[in-house]
Amino acid sequence: MEVTAFQTVLLFIFFIISLHFLYFFLHLNTKNNGFKNYPFFGTLPDFLLNRHRFLDWSTQILSNHPTNTAVFHRPGKIHGVITSNPLVVQHILKTQFENYPKGTRFITLLKDFLGNGIFNIDGEPWKIQRKTASYEFNTKSLRNFVMENVFVELKTRLIPILENAARNNRVLDVQDILERFAFDNICKVAFNLDPGCLGGDGIVINGGEFMKAFEEATNLSSGRFMYAFPKLYAVKKLFNLGTEKRLKNSVSTVHEFADKIIKTRIEERVEKKDEDLLSRFMENSENSLEFLRDIVISFILAGRDTTSSALSWFFWLLSVSPNVEIKILKELQEIRGKNGKSIGEVFDFDELREMNYLQASILESMRLYPPVPVDTKACNKDDILPDGTFIGKDWFISYHTYAMGRMKNIWGEDCCEYKPERWIENGICKHEDPFKYPVFHAGPRMCLGKEMAYIQMKSIVACVLERFGFEVLLEKGKCPEHLLSLTLRMKGGLPVKVKERN
Ligand code: HEM
């Protein structure tokens with residue numbers, strides 16, 4: 001009897017299904033490394049079932065595992081480790097830094113969007129870019145520049161928008177407003193240009209379109225990490241289909257916009273001597289237009305999505321924790337009283353530093369809702385992690401900041417509660433241990449914009465809370481759903497009604 005191709009396929013499918021039944025029968029679905037590993041398909045079936053709730057699913061797996069580190073395997077020889085263990089985090093981000101670069105997979109998936117920007121490079125090129133940028137981040141002038149820009153954006157844009165919404169009883173999406181705020185702010189810092197995304201006066205160019213394209217490019221690029229079959233994106237890209245077609249279009253809008261700005265700046269350079277991040281990189285005439293563009297894009301990404309994500313979750317947490325809001329207001333009142341400042345005058349840098357309770361409230365909010373919830377590295381050569389887990393060459397390893405904020409063995413039984421007090425010692429906000437709290441990353445690649453982010457976030461909260469209260473229009477007692485892009489965003493935004501305080 002001749003066996004047709006169709007019968008062969010049927011036989012093969014039957015064989016695979018039987019194998020799975022056998023597997024279940026014998027209880028072989030190994031739970032010893034946290035994820036269920038099926039023959040042939042590895043962890044893929046579970047991943048597909050839980051992809052829509054990836055963060056909570058993986059958090060549960062890690063917290064149930066004795067070492068808080070789990071191994072997974074997927075078809076296509078993809079092996080990986082995911083961890084919420086501070087010792088492992090320290091090992092990969094600091095002690096064995098050289099063995100855990102970003103790696104080819106990460107860099108390839110983000111290359112179309114981020115090019116050779118600081119987020120997407122390793123080795124010597126990264127070191128050079130980091131050095132140039134960190135010099136700029138350390139200067140006092142940058143701090144002043146940020147403060148000034150935050151003040152202008154607050155006074156001429158955000159506050160009038162909130163006043164208007166309060167008077168006209170309009171619903172606002174806080175997340176959208178904060179993203180626009182951060183976008184304007186980072187464009188000013190990165191290339192001294194005001195895209196005017198938040199509206200109000202001073203709209204220079206069509207920054208709205210750029211911002212929309214930027215958001216789409218971010219979401220679609222991060223979507224490449226979630227494909228069941230990793231090479232599928234490459235096929236779609238080759239034939240310019242679906243999401244890959246959209247990605248190409250949005251990236252080209254972003255590039256066009258960034259190129260225009262850089263070209264204008266190069267032309268103006270002879271007359272003006274602007275001091276900003278872009279000008280520092282432009283000092284080296286060997287840096288091509290493309291390279292400058294990549295730098296600009298990486299910095300916009302860093303500045304736009306992180307602080308807005310952090311503050312959206314913060315304002316939502318405040319809406320369900322009125323006692324925290326009262327304490328923040330009390331602290332602000334005390335600082336005003338001490339310095340003889342009236343409401344409406346913006347806080348200066350030293351006053352922002354005095355806001356210990358506010359600092360603790362923001363830290364605590366990012367513990368539960370870290371703007372970068374998961375971050376991934378690659379392994380250069382076989383290694384044994386500090387908790388005994390084996391990791392092979394070319395495997396990838398993710399540290400799960402979102403899960404780490406929910407680990408009882410790190411934060412105690414009340415780890416899921418929002419309690420800024422856990423950060424306060426003798427009235428002062430404690431420093432975070434970057435390996436237990438890698439919200440800003442840790443080790444040599446630690447976030448460069450941490451201080452800038454705090455200036456921005458504390459200024460916004462202090463200025464807004466003193467004058468306005470938000471009534472969040474979401475189902476009471478229910479946590480907003482999140483969208484997993486490169487950062488943790490709220491699905492559908494954070495709709496609020498704004499009330500002016502007396
Ligand atoms: C709440 C706000 C922020 C959080 C939570 C945050 C978090 C992070 C994290 C987790 C990384 C590591 C990402 C990676 O592995 O590539 C990072 C890197 C970085 N961040 Fe931030 N960030 C914030 C705000 C900012 C701001 C406002 C800037 C300034 C523009 C900035 C600039 C950078 C840069 C340049 C890097 C790359 C460092 C390197 O690879 O050497 N960040 N940040």
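One line per residue, one yes/no per condition, for (1) within 16 Å of the ligand (Cβ to nearest atom); (2) closer than 27 Å to Leu277 by Cα; (3) not charged (D, E, K, R):
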residue: Gly412; (1), (2), (3): no, no, yes
residue: Cys416; (1), (2), (3): no, no, yes
residue: Lys419; (1), (2), (3): no, no, no
residue: Lys430; (1), (2), (3): no, no, no
residue: Phe435; (1), (2), (3): yes, no, yes
residue: Leu465; (1), (2), (3): no, no, yes
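Among the residues of region 407-438, count how many are among the basic types (Lys, Arg) and either outside any helix (DSSP H, G or I) or in contact with a strand residue (DSSP E or B) (Cβ under 8 Å, 6 or more places away or on another chain) (or both). First the steps, then the outcome.
Step one: list which residues in region 407-438 are among the basic types (Lys, Arg), which gives 408, 419, 422, 430, 436.
Filter once more, so that each one left must be either outside any helix (DSSP H, G or I) or in contact with a strand residue (DSSP E or B) (Cβ under 8 Å, 6 or more places away or on another chain) (or both): 419, 430, 436.
Qualifying residue count for the region: 3.
For region 377-395, give me each residue that is under 20 Å from Asp122 (Cβ atoms) and not in a loop (DSSP other than H, G, I, E, B).
Scanning region 377-395 gives Lys377, Ala378, Asp383, Ile391.
Of everything in region 353-376 that's touching an Asp or Glu at 6+ places or on another chain (Cβ under 8 Å) and in a loop (DSSP other than H, G, I, E, B), which residue is nearest to the ligand (Cβ to nearest atom)? Give the derivation first.
At the first step, the residues of region 353-376 found to be touching an Asp or Glu at 6+ places or on another chain (Cβ under 8 Å) are 355-358, 360, 363, 371.
Pick out the ones that are also in a loop (DSSP other than H, G, I, E, B) and you get 355, 371.
Details: Met355: 16, Pro371: 4 Å.
If we take residues in region 353-376 being touching an Asp or Glu at 6+ places or on another chain (Cβ under 8 Å) and in a loop (DSSP other than H, G, I, E, B), then Pro371 is nearest to the ligand (Cβ to nearest atom).
Conditions (1) of a type outside the set (S, T, N, Q); (2) within 15 Å of the chain's Cα centre (by Cα); (3) modelled with pLDDT of 90 or more; (4) buried (at least 18 other Cβ atoms within 10 Å of the Cβ), marked per residue:
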residue	(1), (2), (3), (4)
Lys430	yes, no, yes, no
Asp433	yes, no, yes, no
His441	yes, yes, yes, yes
Ala453	yes, yes, yes, yes
Gln456	no, no, yes, yes
Ile460	yes, no, yes, yes
Glu475	yes, no, no, no
Leu494	yes, no, yes, yes
Lys497	yes, no, yes, no
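For the structure I just gave you, tell me whether Arg336 is within 30 Å of Trp126 (Cα to Cα), at pLDDT below 95 and either more than 28 Å from the chain's Cα centre (by Cα) or assigned to a helix (DSSP H, G or I) (or both). Lay out the reasoning, then the answer.
Details: within 30 Å of Trp126 (Cα to Cα): no; at pLDDT below 95: yes; either more than 28 Å from the chain's Cα centre (by Cα) or assigned to a helix (DSSP H, G or I) (or both): yes.
No; evaluated as a whole, the condition is false for this residue.
Suppose the filter is free of Cβ contacts under 8 Å to residues at least 60 places away in the same chain and not in a helix (DSSP H, G or I); does Lys341 pass it? Let's see the steps before the verdict.
Working: free of Cβ contacts under 8 Å to residues at least 60 places away in the same chain: yes; not in a helix (DSSP H, G or I): yes.
So Lys341 fits the description; yes.
So, Arg293, is that one within 16 Å of the ligand (Cβ to nearest atom), within 14 Å of Ala190 (Cα to Cα) and in contact with a Ser or Thr (Cβ under 7 Å, 6 or more places away or on another chain) or not? Talk me through it step by step, then tell me what you get.
Details: within 16 Å of the ligand (Cβ to nearest atom): yes; within 14 Å of Ala190 (Cα to Cα): yes; in contact with a Ser or Thr (Cβ under 7 Å, 6 or more places away or on another chain): no.
The answer is no for Arg293.
Filter the helices (runs of 4 or more DSSP H) completely within region 60-172 down to those with at least 2 residues that are within 16 Å of the ligand (Cβ to nearest atom) and either of a type in the set (Asp, Glu) or in contact (Cβ under 8 Å) with a residue 24 or more places away in the chain (or both). Please lay out each step first, then the result.
Working: elements: 86-90, 103-114, 123-138, 140-153, 159-167.
Correct list: 86-90, 103-114, 123-138, 140-153.
The values are calculated or read from the model by the stated rules, or taken from the named source; none is laboratory data. Keep in mind that what you see is a predicted model, and the values were worked out from it rather than measured. Reconstructed Cβ throughout: ideal geometry from the backbone, glycine too, with neighbour counts over all protein chains shown.
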